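One structure is given here, and the rest of the page talks about it.
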Amino acid sequence: MAEIFAFPAGTPAATRPGDGAGAPQHPVRPRGVPDEVWAAVESVDAMPRLADVRYREIPVPSTLADFGIGVELEASASGRDGFGDPDDRNDRTGDPLQTRLATGWLMVLYSREPRIGWDSNWRCVGFARLPLEAGENDPLAPGMYWDGMCDYVEYAEPDSVSGTVTVTRNTAFGGLDEAPSSGCEMRVSWTPLDGTGPDATMDAGAQVNSWAAFIRSTVRPEEDDCR
């Protein structure tokens, strides 16, 4: 597995030579990386991965920031309890139970100079594509998802969280025999608090896992959503 960070100025991200053979190794610091950025990389490298969430490195476009940490996330669940065996069957029909899938990504961005609108050198930008039950597809859905997201975004500067919630509905035509389906897309950004990690550094690992926990919460029953 690749390390979960990217350096958009052209410096290749380190990899884990130990993947599949031998012990994993920590990333090697490339030349020219600021101390605070490297501390953020190490916090992501050391963070505990949440159960039932898949993590994958993605590149950060160089137009967004001087340095960045990009992580793609996926959480899925099936079964009556929301996270059962994918081979579970409906007791009445014998059909496979529908799998709920939530995906998204988070980029932790760093600019050498503080930016207007960020009020910081740091900014987090997140995207999520979430399941939406037919009974939830109403005017209250965007606010419901937004409030749920705000409960999970931790260590953010007050009043810095902004974004959009879009409810989508797909209707099949022609030869496609598919029932109408609904979904929800979120685009969110916030300024993370400084000094939340060791030695008063920004804890990028905590930022990544707060977004991962939110995405996972949308496919799991609330009472079983342990962070």
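Return the distance in nm (one decimal) between the two label points of a simple spin-label model at ILE58 and CYS150, each offset 7 Å from Cα along Cα→Cβ.
2.5 nm
Leaving out ligands, DNA and RNA but keeping every protein chain, what accessible area does LEU64 have, in Å² rounded to the nearest 10, with a 1.4 Å probe?
For LEU64, the solvent-accessible surface is approximately 70 Å².
With every protein chain left in place, what is the accessible area of ARG220 in Å² (1.4 Å probe, nearest 10)?
40 Å²
Which residues' amide hydrogens lie under 5 Å from the amide hydrogen of SER120, considering only partners 5 or more residues apart or on another chain, with H built in the peptide plane?
Answer set, sorted by chain and number: ARG115.
Could you derive backbone 3J(HN,Hα) for region 49-57 from the dihedral phi with the Karplus parameters 6.51, -1.76 and 1.60 (θ = phi - 60°), listing whole Hz in sequence and x where the residue is Gly or Pro?
Here the 3J(HN,Hα) series is 6, 6, 5, 6, 10, 9, 10, 8, 5 Hz.
Could you give the Stokes-Einstein D for region 102-167 in µm² per second, using the C-alpha Kirkwood radius, 37 °C, 0.692 mPa s?
Numbers: Rh = 13.7 Å.
Diffusion coefficient, whole number: 239 µm²/s.
The values are calculated or read from the model by the stated rules, or taken from the named source; none is laboratory data. These numbers were taken from a predicted model, which means no experiment stands behind them. No Cβ is skipped: glycine too gets one built from the backbone with ideal geometry, and neighbour counts run over all protein chains shown. The protein model used for the area step is the full one, side chains on, heavy atoms only, and it has no ligands, DNA or RNA in it. Shrake-Rupley method; radii C 1.70, N 1.55, O 1.52, S 1.80 Å.
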